[in-house]
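Read the structure below first, then the notes.
The values are calculated or read from the model by the stated rules, or taken from the named source; none is laboratory data. Note that the structure is predicted; figures quoted are calculated from it, not measured. No Cβ is skipped: glycine too gets one built from the backbone with ideal geometry, and neighbour counts run over all protein chains shown. Surface areas here come from the heavy atoms of the whole protein model, side chains and all, with no ligands, DNA or RNA. Shrake-Rupley method; radii C 1.70, N 1.55, O 1.52, S 1.80 Å.
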Amino acid sequence: MAFELEKLYSRRRDIHEKFGGQQQGGISTPASAPYIFLFTSEAGEQHGYHDGYDENGLFIYTGEGQVGPMQFLRGNRAIRDHINDGKELLLFASTKKSGIYRFKGTFVCAGCDDEKIGPDTEGNPRRLIQFHLTPSSVVAAHLQDESSEIVVTENISLDEMRKRAYAAVENKVCTAPVVSKKNLYKRSEDVKAYVLARAKGICESCGKAAPFLNKGGKSYLEAHHIRQLSDDGLDIPSWMAAICPNCHREIHHGQDGAMKNQILQAQIKNFENSQFVDVAAQ
Ligand SMILES: [Zn+2]
Ligand SMILES: [Zn+2]
């Protein structure tokens, strides 16, 4: 990870000079970096809205748009679609020092609320979009807890699991925070269950059988996010692979790790694309 939790960074020098992206506004979307930078005011008050954690542990982040109803355009659309676009949400909070921000971590958009009304910068009431962000580490911890527990009790086909996994990440409906969080966990389980089933006990990188069985008696493979630099958070099936611990270590720490990751990425993309053609042809 390019940023350390709770450390201070200069927005211009450490973020935009390195990664690009809009230098103004709350949501910065550099085209070529796998990040979306979110800036929030540590004081919490921005145009009269309070961004921060709610009682469910979700970070409520108000979207952009100065005047009139907020819409799913530009930055707001980027947050909503970040998983499908393979981008991580990096949250920074302003400090007393102008241009200096504190890194608050990597987040996943669990859902949003577009029913609240609040004043725009001219004081007129308008529709707000508030995103429900959850720390990626929370999603990752949940996935790890569940890793040996994901057992498909129903007798469903791989095709059906694939459909569920894709439907799960396309589920972008704005909803209440509690529902958002529930949906997020369900989504992460559906995607992971599908990716593990897709691998059929064979490492998707080296093609060898999983080295051992887990406590549940299933082939042990690890979920790897092909696009992201960390394995936290949620991804779509074509950005995720089930690989053996050896390949996993090598990809993250080996001299040829980046190359190995690129090959894996191409393989998975090919496979997922071919599945879509099949589905469309039916
Ligand atoms: Zn392997
Ligand atoms: Zn990984």
Summed over the other residues with a beta carbon less than 14 angstrom from that of Phe19, with K and R at +1 and D and E at -1, the charge totals +2
Extend 7 Å from the Cα of Thr95 along its Cα-to-C-beta direction; within region 1-29, residues with backbone N under 17 Å of that point are 3-16
Subtracting the Cα-Cα distance of Ile117 and His253 from 0.36 nm times their residue separation yields 44.2 nm
The FRET efficiency for Arg74 and Lys215, from their Cβ-Cβ distance with R0 = 45 Å and rounded to 0.05, is 0.45
In order over region 4-13: 3J(HN,Hα) from phi, Karplus 6.51/-1.76/1.60, θ = phi - 60°, whole Hz, x for each Gly or Pro, gives 9, 3, 6, 7, 8, 9, 7, 4, 6, 6
Heavy-atom accessible area of the chain with neighbours in place, 1.4 angstrom probe: carbon+sulfur share in percent works out to 51
Most packed first (mean Cβ within 10 Å per residue), the peptides 109-122, 184-197 order as 184-197, 109-122
For Pro34, the net charge from surrounding residues (Cβ-Cβ under 14 Å; K, R +1; D, E -1) works out to -3
The ³J(HN,Hα) series, computed from each phi in region 263-274 with the Karplus coefficients 6.51, -1.76 and 1.60 at θ = phi - 60°, rounded to the nearest Hz and given as x for glycine or proline, is 5, 4, 4, 5, 4, 5, 4, 4, 4, 5, 5, 5
Label model pair Arg126, Gln265: point-to-point distance (7 angstrom along the Cα→beta-carbon line) in nm is 3.7
In whole Hz, the Karplus estimates of ³J(HN,Hα) for region 25-36 (6.51, -1.76, 1.60; θ = phi - 60°; x where Gly or Pro) are x, x, 10, 10, 10, x, 5, 9, 9, x, 10, 10
Measure of exposure for Ser274: accessible area at 1.4 Å probe, Å² rounded to 10, is 50
accessible surface per residue for region 8-137, probe 1.4 Å, DNA/RNA/ligands not counted, whole Å² -> 46
Descending accessible area (1.4 Å probe), largest on the left, turns Thr134, Thr29 into Thr29, Thr134
